[in-house]
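Enquirer: Sharing a structure below in structure tokens format, with a few things to ask.
The values are calculated or read from the model by the stated rules, or taken from the named source; none is laboratory data. In this text the structure is predicted, and so the values were computed from the model without any measurement. Glycine also receives a Cβ, built like all others from the backbone with ideal geometry; neighbour counts cover every protein chain displayed. Note: areas computed on protein heavy atoms with side chains; ligands, DNA, RNA excluded. Shrake-Rupley method; radii C 1.70, N 1.55, O 1.52, S 1.80 Å.
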Amino acid sequence: MQPEASERLEELVSRALEELENVKTIEALDSLKTRLLGRKGLLAEAFACLRTLPEDRRGRFGKQLNEAKACMLERYEAKKRQLETGQNANPSSSVLDVSLPGPLPQAGKAHPISQVQDEILAIFLQMGYSVAKGPELEDDYHNFEALNIPKHHPARDMQDTFFVQNAEGFLLRTHTSPVQIRVMERLGVPVQVVAPGRVYRRDFDPTHSPMFHQVEGLMIDKDVSFAGLIGTLDFFSKRFFGPDAAVRFRPSYFPFTEPSAEVDVRCIFCKGEGCRVCKNSGYLEVLGCGMVHPAVLEACRVDPDEWQGFAFGLGVERLAMLKLGIDDIRLFYENHPSFLPQF
Ligand code: DAH
């Protein structure tokens with residue numbers, strides 16, 4: 001045999017084995033295989049020169065060639081297995097390493113408005129209230145009339161209403177107060193409920209949205225007093241905003257309560273010293289409340305001489321903005337992926 005041919009084959013094999021060892025991806029391995037073992041590959045070339053050898057030498061060289069081929073194939077198969085199982089994991093490789101921890105799926109969670117609403121309800125449930133619901137598509141009677149807001153009453157101007165076209169007398173409820181009526185009609189008295197839900201008004205700016213959420217409260221029994229209302233809302237504020245929260249009751253007017261009040265909490269941003277958020281007043285308005293008007297009880301066939309009660313209505317967005325330090329209500333509805341996960 002020509003010593004040259006044998007030596008060149010040895011050199012070819014040792015270079016091939018080194019390249020097979022260092023290859024990093026399956027694609028590179030496969031193109032290396034074509035270059036070495038393919039039909040027009042280096043080994044095929046070596047086989048071709050077999051024919052040029054004197055006959056007596058062909059046997060040994062042929063054997064050497066077959067051994068070289070088997071050796072390269074074996075290394076190729078081993079490397080392929082290694083890359084496929086990712087033992088040689090390389091970030092640039094497309095090999096899937098099933099033993100690596102995968103990316104965690106993004107977990108969904110409750111919207112901040114739902115979280116705050118649930119928190120509000122939980123505080124009242126602790127005080128013995130149950131949850132009631134009413135329809136969002138409401139009739140004029142429950143939204144206005146029965147709440148002592150007759151037609152042409154100026155208080156209707158307080159709430160810019162969405163009326164439903166082609167359905168006379170129907171509207172999107174402007175507040176959750178009609179649930180007071182529905183609950184008394186359905187359950188009678190005594191009663192102690194909180195009613196969460198969506199309400200609608202024609203309003204749109206950084207602090208108003210055409211759809212927002214309220215939680216209504218109603219407590220009717222014998223011997224219910226304004227002092228009980230103050231105690232209830234003071235307890236709620238301290239639970240919701242923290243033990244330092246201070247509430248202030250300001251006389252106000254609502255047709256369905258008498259007397260009526262608005263409740264302010266001491267500004268949680270400046271602790272009452274005055275800042276931009278509270279417009280230097282030191283307080284923030286959070287809800288309306290009062291003793292249920294006798295006309296409302298009568299509309300529900302409840303005798304006002306025997307029963308009294310209080311009611312309150314709070315804005316969930318307003319409380320959420322204060323608690324979470326958000327100054328534009330519209331952020332709640334845009335559902336931006338950089339906004340929602342913060343809560
Ligand atoms: N319904 C009133 C509104 O949307 C809020 C309210 C005020 C509810 C006083 C009440 C209440 O129950 O007693 O502005």
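Enquirer: Listed residues G197, G228; which is over 29 Å from I326 (Cβ atoms) and either in a helix (DSSP H, G or I) or within 13 Å of the ligand (Cβ to nearest atom) (or both)?
Expert: G228
Enquirer: Here's another thing I want to ask about it. Might you let me know whether the range 308-330 holds any residue that is away from the ligand (no atom under 15 Å from the Cβ), acidic (D, E), in a loop (DSSP other than H, G, I, E, B) and more than 30 Å from I149 (Cβ to Cβ)?
Expert: Scanning the range 308-330, I find at least one residue that is away from the ligand (no atom under 15 Å from the Cβ), acidic (D, E), in a loop (DSSP other than H, G, I, E, B) and more than 30 Å from I149 (Cβ to Cβ), so the answer is yes.
Enquirer: So which of A16, A70 is in a helix (DSSP H, G or I), out of contact with any Cys (no Cβ under 9 Å at 6 or more places or on another chain) and of a type in the set (A, V, I, L, M, F, W, C)?
Expert: Only one candidate passes the filter, namely A70.
Enquirer: Now, a different point. With respect to V277, is the statement that it is farther than 22 Å from H175 by Cα, open to solvent by 10 Å² or more (accessible area, probe 1.4 Å) and within 16 Å of the ligand (Cβ to nearest atom) true?
Expert: Answer is no for this residue.
Enquirer: So how many residues does the range 201-218 have that are away from the ligand (no atom under 12 Å from the Cβ), open to solvent by less than 50 Å² (accessible area, probe 1.4 Å) and more than 19 Å from E334 (Cβ to Cβ)?
Expert: 0
Enquirer: Considering each of F256, F249 in turn, give the residue that is within 27 Å of A155 (Cα to Cα), open to solvent by less than 60 Å² (accessible area, probe 1.4 Å) and in contact with a Ser or Thr (Cβ under 8 Å, 6 or more places away or on another chain).
Expert: That would be F256, the only listed residue that is within 27 Å of A155 (Cα to Cα), open to solvent by less than 60 Å² (accessible area, probe 1.4 Å) and in contact with a Ser or Thr (Cβ under 8 Å, 6 or more places away or on another chain).
Enquirer: Continuing with the same structure: Yes or no: the range 127-140 includes at least one residue that is closer than 30 Å to S209 by Cα, out of contact with any strand residue (DSSP E or B) (no Cβ under 8 Å at 6 or more places or on another chain) and open to solvent by 30 Å² or more (accessible area, probe 1.4 Å).
Expert: Checked the range 127-140: at least one residue is closer than 30 Å to S209 by Cα, out of contact with any strand residue (DSSP E or B) (no Cβ under 8 Å at 6 or more places or on another chain) and open to solvent by 30 Å² or more (accessible area, probe 1.4 Å).
Enquirer: Checking H293 against (1) open to solvent by less than 40 Å² (accessible area, probe 1.4 Å); (2) within 13 Å of the ligand (Cβ to nearest atom): exactly one of these is not met. Which one?
Expert: (1)
Enquirer: When the residues of the range 140-167 are filtered to those that are outside any helix (DSSP H, G or I) and polar (S, T, N, Q), which remaining residue is nearest to A295 (Cα to Cα)?
Expert: N148
Enquirer: Any residue that is among the β-branched types (V, I, T) and open to solvent by less than 30 Å² (accessible area, probe 1.4 Å) - is there at least one of those in the range 86-97?
Expert: Looking through the range 86-97, none of the residues is among the β-branched types (V, I, T) and open to solvent by less than 30 Å² (accessible area, probe 1.4 Å).
Enquirer: Also, quick follow-up: If you take the residues of the range 152-164 that are modelled with pLDDT under 90 and open to solvent by 90 Å² or more (accessible area, probe 1.4 Å), which of them is nearest to the ligand (Cβ to nearest atom)?
Expert: Among those that are modelled with pLDDT under 90 and open to solvent by 90 Å² or more (accessible area, probe 1.4 Å), it is M158.
Enquirer: State yes or no: is R39 at pLDDT 85 or above, open to solvent by 60 Å² or more (accessible area, probe 1.4 Å), assigned to a loop (DSSP other than H, G, I, E, B) and out of contact with any His (no Cβ under 7 Å at 6 or more places or on another chain)?
Expert: So R39 fits the description; yes.
Enquirer: Given the options M291, M219, name the one that is in contact with a helix residue (DSSP H, G or I) (Cβ under 9 Å, 6 or more places away or on another chain), part of a strand (DSSP E or B) and more than 22 Å from Q159 (Cα to Cα).
Expert: M219
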